[in-house]
Every structure is written in C-alpha cells, then in structure tokens.
1. Within the stretch 28-42, work out how many residues are buried (at least 18 other Cβ atoms within 10 Å of the Cβ) and within 18 Å of R96 (Cβ to Cβ).
2. Tell me, yes or no, whether the stretch 76-99 has at least one residue that is β-branched (V, I, T), surrounded by 10 or more Cβ atoms within 10 Å (Cβ to Cβ) and at pLDDT below 85.
3. Being more than 30 Å from F183 (Cα to Cα), aromatic (F, W, Y), surrounded by 18 or more Cβ atoms within 10 Å (Cβ to Cβ) and modelled with pLDDT of 80 or more is the requirement here; does Y49 meet it?
4. Collect the residues in the stretch 52-75 that are surrounded by 17 or more Cβ atoms within 10 Å (Cβ to Cβ) and more than 29 Å from the chain's Cα centre (by Cα), keeping them in residue-number order.
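The values are calculated or read from the model by the stated rules, or taken from the named source; none is laboratory data. All values derive from a computational prediction rather than experimental measurement. Note: ideal-geometry Cβ built from the backbone for every residue, glycine included; neighbour counts use all protein chains shown.
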Amino acid sequence: MKIINEKKYFEQFFTDTPLEQNEIIESALRTALDTRKFEIELYWKRATYFWAFIAAMFVAYFTVYNSDKINEIKGITILISALGYFFSLGWYFVNRGSKYWQENWEAHVDLLGQNIQGNLFTTIKKSNENFLDLSDAYPFSVSRVNQFLSIIMSLTWFGLFIFSILFSFNKLVYFESNFYWFFFSLITILLILTIVFFNFSKSFILRRNKKKKILEFYIK
C-alpha cells in the first residue's frame, strides 16, 4: 500500500504530450463523476431496501405480540427482534460504507476537476441559513441523518430483543437465578454475533490491506 500526495496523484496521468494528458484527465473525471452518481443512486436504493425490511419486521413483531395466540408463540418475538436488530445494524454499516465510497469518488472529482473546471467542485455557497427559520433551507447532512436513524433503529430492536426474552419467559417483574444466566447468555451471544458481523462487514481495504496493492492519496 502506498500513500501519495496531490502532486504524486497527477503523476499517474503524465504522458509525452500535454494534449494526450488532458484527454486522460478528462476521461478520468467523467469516470469519477459517473461512479459518484452511481454510488449516490445505490445509497438511496439500499436505504429503501432496508426501510422496507425493517418496517415489515415491525409489522410482524406487533402482529405476533397482539395475536390471540401470543401465549403459544411468545418465542417468535425473540427471533423477529433479533432479525430486526441485525437488519438495522446492517443498515448502519451500509450507510457508513456507502458514505465512504461516495467521499472517495468525490475526492477524485475534486482533484481532477481542478485541472478541467477550476474550483467548481470545491466551491460552495456560504451558509447564512438560520436553523430557527423553519421555512428556509439548512445544510444538513442527509447521510448523517440516515446513520443516526439506523443507530436509533438498532437500539430500538436491541431493547425489543431484551423485552422479548423477559416477556417470553414471564420474567418482566422478577429474575430467577437460572433465568439470570440464560438471559445474559443470550445477550452475550447477540453481542458476539454483532462483533462477528462488524468484522465480516469490513471492506477488503481494511481486511486485506496487506495482500492488496492499493493506492491511497490525501489532500492538503
């Protein structure tokens, strides 16, 4: 793995003729713009996908909970809440992963655009918006809002998971010694699975950076 600065970044485009070099940079800029656009489209498609599944699980959970046969199928609420938790956690990981790759291509666009279109991609309107003016625009980060919501969903499902265990074993009021260990064993298993899920979800850049020849760059 090699880390390069802005000057070294453009050396990969150097050719014998300036005209050919400009054509390469323009082509690279178009590719970066298209890929960034593609990443943004995927971001919203993934968000819709996870919202649909999480909403369906909420419906399933409360349908079971309000069922006339709830006493016979209490254990299903544990399964549904566990699935809801992992889907919400997966949504959070996907949000962060999508944001990472979007920013990666935005960095390429910022650098390449300087040689083609000046500072178009690095110049933004000064924010004079007032947050208290509810009819005015405000520079919120849409991706961060989604990340925050996915964290809230994960915590909500984790809470429902704990509630479901207590509810299924009629332990909402008190603990018994045997159930105490069973309860914390399930919580421990869930946390272990969370760690495994986290490590499994890492990008190959983090998991196999020693085996991959990846070119990294930073911007001053």
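1. So the count comes out to 2.
2. no
3. In short, no.
4. Listed by number, the residues that qualify are V64, Y65, K74.
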